[in-house]
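The next block holds one structure in the form of structure tokens; read it before the comments.
The values are calculated or read from the model by the stated rules, or taken from the named source; none is laboratory data. Predicted model only: the values in this text are computed from it and were never measured. Cβ placement follows ideal geometry from the backbone for every residue including glycine, while neighbour counts extend to all protein chains displayed.
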Amino acid sequence: MLCCKVLDNTTYMSYKLQMKLLTDYLNRPIVLSDESWAHIVAGHAEITVEMIEQTLKDPVEVRESAHSLTTYLYYTIKLSAESKHRYICVAVKNTELGENYIQTAMTTSYIKNGKVVYRRED
């Protein structure tokens, strides 16, 4: 049996799993689990939770993944001292139950192929 306990407005505890609840630009709840965060830190140490939160809240573009129709790629422009053109990409999986969770987050030099579902008007 899985039991959840509210610790504060954004953190929940379940059996052997701690999660942070974030929201996107449409105010949809998106889970960042310890497992996903460990994966991000291990492979993409330049990414912070604040970068993920900002990318979800104010993306320049969101695309449906060309490889998975249930994965959405959120992008923001990464500001850097080197003035290199880079993006922060957050991959969000939508389950059959309608739950959203972060699979990974990384920096990339280009926006991947896929159907555009949102583009910010500047």
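How many of the residues in the stretch 33-68 are in a helix (DSSP H, G or I) and of a type in the set (D, E, K, R)?
Summing the residues that are in a helix (DSSP H, G or I) and of a type in the set (D, E, K, R) in the stretch 33-68 gives 5.
Out of 40, 88, 30, 77, which single residue is surrounded by 18 or more Cβ atoms within 10 Å (Cβ to Cβ), under 14 Å from residue 112 (Cα atoms) and either touching a residue at least 24 places away in the same chain (Cβ under 8 Å) or more than 12 Å from the chain's Cα centre (by Cα) (or both)?
88
Based on this model, can you work out whether residue 61 counts as among the charged types (D, E, K, R), in contact with a strand residue (DSSP E or B) (Cβ under 6 Å, 6 or more places away or on another chain) and closer than 18 Å to residue 109 by Cβ?
Taking the combined requirement at face value, the residue satisfies it.
Select from the stretch 95-122 the residues that are β-branched (Val, Ile, Thr) and part of a strand (DSSP E or B) and write down the one among them that is surrounded by the fewest Cβ atoms within 10 Å (Cβ to Cβ).
116
How many of the residues in the stretch 91-113 are of a type in the set (Lys, Arg) and under 13 Å from the mean Cα position of the chain (by Cα)?
1
Being of a type outside the set (Gly, Ala, Ser) and in contact with a helix residue (DSSP H, G or I) (Cβ under 9 Å, 6 or more places away or on another chain) is true for just one of 116, 90, 60. Which residue is that?
Within the list 116, 90, 60, the selection yields 90.
Working only within the stretch 69-85, note down all residues that are of a type outside the set (A, V, I, L, M), at pLDDT below 95 and not in a strand (DSSP E or B).
Residues satisfying the conditions are 80, 82, 83, 84, 85.
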